[in-house]
Each structure stands twice: as structure tokens, then as C-alpha cells.
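The values are calculated or read from the model by the stated rules, or taken from the named source; none is laboratory data. Remember, it's a predicted structure, so these values are computed and weren't measured experimentally. Ideal geometry is used to build each Cβ from the backbone, glycine not excepted, and the neighbour counts take in all protein chains shown. Only protein heavy atoms, including side chains, enter the accessible area calculation; ligands, DNA and RNA are left aside. Shrake-Rupley method; radii C 1.70, N 1.55, O 1.52, S 1.80 Å.
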Amino acid sequence: MQESIFTTVVLPVALALIMLGMGLSLKFEDFQRITKYPKAVAVGLTSQILLLPIIGFGITQVVVMPPTIAVGLMMIAIAPGGVSSNMVTYLAGGDVALSVTLTVFSSLITIVTIPILANLALNYFMGQNATISLPIAATMGQIFLITIIPIAIGMYIHYQFPDLARKLEKVTSRLAIAFLALIILILLIREWSRLPDFIVQAGAGVVLLNLCSMTAGFAISKLLNLNLPQQICVAVEVGIQNGTLAIAITAGILGNQDMAIPAAIYSLFMYLSGFAMILLGKNLSSKSEVV
């Protein structure tokens, strides 16, 4: 009964609240930004959709981990950017408008890419005879319902009732954080006896995925001559993933608690690296102003 409530109620509600909160802060003009700075959007989305899964796969080949943990790590790598990336980008002095654009478009694109890449990961790590798989059409529908529909509802409320949207955004953000904390707590309680093993098995991979993706995002955007706020934004956007969605897919759709452990650990660690990115971003911004 507890597992059913966790996977069918808590997870979808938490994710829907997070995406609703995003929608409440969005305007239709946000979708037009892709035409204003196409290069920055292209760099960010390419890093998010293509580079990150490659980094994740490379880590699974270097760090020894059980197949279920490897699949869980890949689920993080193929997830879209997390809503927290917008807040971190703002505090780090990055391009917030670009961050919002990347988060929204990566959420749209991954509706299609997640089921395909997840099945590839399952087949590779669990074997051709894997007993679990993601039905592509059904999974796309589920992700659409718990991510895009809440965003659309939030945008509609913002458009029709802007004052109400501002009030609701504060409430939904607090509830989303509370639900995420509850999800992680439930996972940790369920797997408490095996938690030390999971930290050993998944910890190194999670830390490497987070740090390598942030570093790669920053390096590529710098190499391609994006300005400093855009570099900070891409680094944060590629480094902070939607851990709640990764948990919803692994623990909810796939029904495998072990696969959800990397996302739970990641959801905690990304705030530490996000704080470090804020300090780095402020330091770089102050230096550029002096120059």
C-alpha cells in the first residue's frame, strides 16, 4: 500500500507541482527567446541532450557499479534540466532568461528522447532479456501529463491572473521542496540497511556526473565564445538535472527502488555544487567588471 501511494501519488504530485511552479513564472514571450540568441540555445540544448548522456555513459564505463545503479545514473543524464537551475543561475550571475528557455525546451525535447535512451540503457546494462522496459508511447504520454500539462496550466494562470500566479508560485515552490524532501526521505528509509553500499556504489558516479557535466558545459560555451552570463547559465543548466523526474521514472514507471538511489543522492549533492557554482559565478563576474 505504501509503495503504491509513493509511486502513484507522491511522485506524480511532486513533479506536477514543480512543473506548475515553472509554468506560473513563464510568459509566452519566453518561447521567443530562441530566435534572439539561437547560438546560446543551441549550445545549451546540445550539451544537455547529447553531451550529458555521453558523459554519463562514460562514467559507467570507468566507475564500477551494479547494473541497476548504472541505469539509475543514466536516467539522471537523460533527464531535462531541473527548475532549481533557474534559481542557481540567477544567484550565480548567469543569464536567467536563457536558463528558463533551456529548461523549458529540454523538458519538451526529452519527452521523446527519454523513453528511447532509457530503453537503450536498460538493454545495455540489464541485458537483452531485461524484465523491465519502458513502453515508448505510454511513457511519452505519462511524461507529457506530469510535466507539460502542469506547465501549460501555470502559464494560463500567469496570463489570465498574474497576481494570483505570483502568490501561487511561492506556495508551489515550497510544496515542491517539501515533496522532494519527502521523496528522498522515503527512499532513504526504505533502503536504510543498504544505504552505505548504495553510497559506495553510486556516490562516485553521481559526483563525477555532476561535476564533469558542469565543467563540460562551461568549457564548451567558453570555447564557442558565449558571454560570461551565458557560460554560467549553460554550466548550471547542464549540471543541475530534474532529479524528481528521474526518480518518478525509475521508482514509479519502472518500479525499481534501487535505480532511484542515484537520483536521490544526486538531488542532494547538486545543491552543494550549485552553491559552489554561485560562489564561482560571483567571483568571475566581479573580475570581469574590474577588467
Task: Given charges at Cβ of Lys, Arg, Asp, Glu: the chain dipole, positive-most of Pro80, Pro229, Thr250 - done: Pro229
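Whole number in Å², please: accessible area per residue of the stretch 35-131, 1.4 Å probe, ligands, DNA and RNA not counted.
On the way: 3750 Å² over 97 residues.
Per-residue value: 39 Å².
Could you give the DSSP H helices of the chain that reach 18 angstrom or more along their long axis (alpha carbon positions) and whose average Kyte-Doolittle hydropathy is no lower than 1.0?
Values: long enough: 11-24 (20 Å, 2.34); 96-126 (40 Å, 1.79); 162-190 (41 Å, 1.23); 195-223 (39 Å, 1.32); 257-290 (50 Å, 0.72).
Sorted by number, the helices that extend far enough and score high enough are 11-24, 96-126, 162-190, 195-223.
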Task: Most mobile of Val43, Val206, Val236 in a GNM of the chain (Cα contacts under 10 Å) - done: Val43
- [ ] Return the whole-Å distance between the Cα centroid of the stretch 31-106 and the Cα centroid of the stretch 148-177.
- [x] 23
Task: Of all accessible heavy-atom area on the stretch 18-125, the percent that carbon and sulfur account for (1.4 Å) - done: 73
TODO: Return the lysines within reach of Lys222: Cα separation strictly under 20 angstrom, same-chain partners fewer than 8 residues apart disregarded; answer none if there are no such residues.
DONE: Lys36, Lys39, Lys282, Lys287
TODO: Taking H placed 1.01 Å from N in the peptide plane, check which residues at least 5 places from Gln241 or on another chain put their amide H under 5 Å from its amide H.
DONE: Gly82
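Would you mind working out the magnitude of the charge dipole of the chain relative to its Cα centre, with +1 at each Lys and Arg C-beta and -1 at each Asp and Glu C-beta, to the nearest 20 Debye?
Working: 13 positive and 11 negative charges, 94 e Å.
That gives a dipole near 460 debye.
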